[in-house]
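Everything below concerns the one structure shown next.
The values are calculated or read from the model by the stated rules, or taken from the named source; none is laboratory data. Keep in mind that this is a model prediction, so the values were computed, not measured. Note: ideal-geometry Cβ built from the backbone for every residue, glycine included; neighbour counts use all protein chains shown. Side chains included, ligands, DNA and RNA excluded: accessible areas come from the protein's heavy atoms. Shrake-Rupley method; radii C 1.70, N 1.55, O 1.52, S 1.80 Å.
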Amino acid sequence: MIEIRERDFEGFFSVPFNVYGEKEHYVSPMKADLRKMLSEQNPLFSGSEDFTYLTAFENGTAVGRIVVHIHHASNTRHQTEQASFGFFDCRNCSETARLLLQSAETWAREQGMSEIAGNFNLTAMQQCGVQTDGFEKPGYTDMVQNPQHIPQLLRENCFEPYFPMTTFEVDLAEATFTGKELPDASRYTFQEVEKKGFKQRMEEARAVLNDGFEQNPMFVPLTPKEFIFQAGEMMTILDPRLSSVVKLDGRPVGVVICIPDLNGFLKATRSKFGISTPFHYLKYRLGRHRAVIIFYSVASAQHGLGIMGAILDQTVSALKGAGYRQLGVTWIADANKPSLRQVEKLGAKPLHRLHLFKKSLS
C-alpha cells in the first residue's frame, strides 16, 4: 500500500537515491541547500502556507516526491491563478505518480488555484522544466534532469507540455567567437565577480537581469533577498575569472554568471556533508574542467549593440585560459531568438530538450 506523507524531509531527500539507478544522470542539490529551499527561509514564500511537499512511501521506503507551491508575485504580475509543482521525482509506477499528482492538485484547489504547472524548483533563478529528450547525456549544475518515464507519467495524468526549452553544451576547443567589436570600446569595463565586493557585484547583476529580462515570458523581477538566497551560495565555489559585470561609463549594462560545474562533486558525496567531503572537494577543485553559464543579460537600452557577444567572447577566452574544456548553458526558451543566435555563434550544440507541463484544475 502506498502512503503519502506531508513534510517528511528525510524521505523527500532520499527519493531519487532510492528510485533512480546509477545510469540516470539526475544530481541532487546538497541536502542542506534543499532543506533551506523547503523552509520559510526561502524568500519566494511569505510563509509556510505558501507551499508543502509530499513523499510517497511503500513498505517504509520513499518512492516518489513532489513540491507544490504558490508564487504570488508571478500570479499578480501575469494575472493568473496558478500553483506550481517542483522536484517531481518518482519511480516508474503509474499508481505512485497518480497519488502524488492528485495530492498536489488537491492542495492547489484548496488554495483557490485554477491550474498547476512545473517543474519550478524553488529558487529565484529557478531550475525549470521537465526533461523530454537527451536522456543519455549528463548535464551540468542547475540543469533539470530526469528519467524518460517522468514526462510519460505526467501525460498519463493529463498534464500537457508547453513552453519548449533547450540546454546547450560547448566544446571549448572548438568554440567560435562572435567577433563583433563594441562601439566606443574604451568606455566599457569588465569587472570580475570575486569575493571582495561580491555583494555589490551581485546587486549590479540583479539590476541588469531584471532590466534585460523584463519583457520575457513568465519573468518576475527578483528582489534582493530572492537573488542573494541563491547567489550567495555561489561565493564558496566561485572562480572569479569566469563571471563579470560589464559597465558603460561606470554604469552596469551587462552580466554573465558562470560557475564551475559541481555535478561530479555532488555525485561523489551523494549530496551530503560527511567525513570524506573535504577529500572529494579537493579532488574536484584540482580536476575541474567543466563550467556552466547560469545566466547572462544585457540592459534593455543596450540591446543590439553587440554587448552580449562581447561578454560571451570574454567568457570563452577566460574559460580556455583557465584550462576548462566544456561549457554548459542552462535553458533557453524557443521563443528567445536572440539568445539562441548567440549560443549558435559560439558553436554550442543542443544538450537536452525540456518543457513545462500544466493541467487545468477546473
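Does any residue of segment 25-36 turn out to be farther than 20 Å from C128 by Cα, at pLDDT 95 or above and not in a helix (DSSP H, G or I)? No: segment 25-36 contains no residue that is farther than 20 Å from C128 by Cα, at pLDDT 95 or above and not in a helix (DSSP H, G or I). Taking into account only those residues within segment 318-356 that are surrounded by fewer than 18 Cβ atoms within 10 Å (Cβ to Cβ) and of a type in the set (A, V, I, L, M), which is nearest to T166 (Cα to Cα)? It comes out as L340.
Do the conditions hold for D261, that is, is it over 23 Å from F168 (Cα atoms), touching a residue at least 12 places away in the same chain (Cβ under 8 Å) and not small (G, A, S)? Answer is no for this residue.
Restricted to segment 45-108, the set of strands (runs of 3 or more DSSP E) holding at least 3 residues that are more than 23 Å from the chain's Cα centre (by Cα) comprises 51-58, 61-69.
Number of residues in segment 260-288 that are under 21 Å from the mean Cα position of the chain (by Cα) and either more than 29 Å from N18 (Cβ to Cβ) or among the charged types (D, E, K, R) (or both): the value is 5. Checking the stated criteria, F57 turns out not to satisfy the condition of being open to solvent by less than 20 Å² (accessible area, probe 1.4 Å), at pLDDT 95 or above, under 24 Å from P350 (Cα atoms) and touching a strand residue (DSSP E or B) at 6+ places or on another chain (Cβ under 6 Å). None of E181, E169, E174, E214 is loosely packed, with under 15 Cβ neighbours inside 10 Å and within 30 Å of E24 (Cα to Cα) except E174.
A single member of K283, K320 is over 16 Å from I237 (Cα atoms) and charged (D, E, K, R), and it is K320. The sole residue among V68, V144 that is surrounded by 19 or more Cβ atoms within 10 Å (Cβ to Cβ), at pLDDT 95 or above, among the aliphatic types (A, V, I, L, M) and more than 19 Å from M165 (Cα to Cα) is V68. Within segment 194-209, is even one residue in contact (Cβ under 8 Å) with a residue 12 or more places away in the chain, open to solvent by 20 Å² or more (accessible area, probe 1.4 Å), in contact with a Leu (Cβ under 9 Å, 6 or more places away or on another chain) and not in a helix (DSSP H, G or I)? Yes, there is a match, as at least one residue in segment 194-209 is in contact (Cβ under 8 Å) with a residue 12 or more places away in the chain, open to solvent by 20 Å² or more (accessible area, probe 1.4 Å), in contact with a Leu (Cβ under 9 Å, 6 or more places away or on another chain) and not in a helix (DSSP H, G or I). State yes or no: is G304 free of Cβ contacts under 8 Å to residues at least 40 places away in the same chain, under 26 Å from E181 (Cα atoms) and either out of contact with any helix residue (DSSP H, G or I) (no Cβ under 9 Å at 6 or more places or on another chain) or surrounded by fewer than 17 Cβ atoms within 10 Å (Cβ to Cβ) (or both)? The answer is yes for G304.
Within segment 305-342, the set of residues being over 23 Å from P240 (Cβ atoms), of a type outside the set (D, E) and touching a strand residue (DSSP E or B) at 6+ places or on another chain (Cβ under 7 Å) comprises W331, I332, A333, S339, L340. In segment 276-292, what residues are surrounded by fewer than 16 Cβ atoms within 10 Å (Cβ to Cβ) and modelled with pLDDT under 90? Across segment 276-292, the qualifying residues are S276, T277, P278, F279, L282, K283, R285, L286, G287. Since S297 meets every condition but one in (1) crowded, with 20+ Cβ neighbours inside 10 Å; (2) closer than 30 Å to E156 by Cβ; (3) not hydrophobic (A, V, I, L, M, F, W, C), which condition does it not meet? S297 satisfies all of (1) crowded, with 20+ Cβ neighbours inside 10 Å; (2) closer than 30 Å to E156 by Cβ; (3) not hydrophobic (A, V, I, L, M, F, W, C) except (2).
For segment 233-249, taking the residues that are in contact (Cβ under 8 Å) with a residue 12 or more places away in the chain and not hydrophobic (A, V, I, L, M, F, W, C), the one that is surrounded by the fewest Cβ atoms within 10 Å (Cβ to Cβ) is identified as D249.
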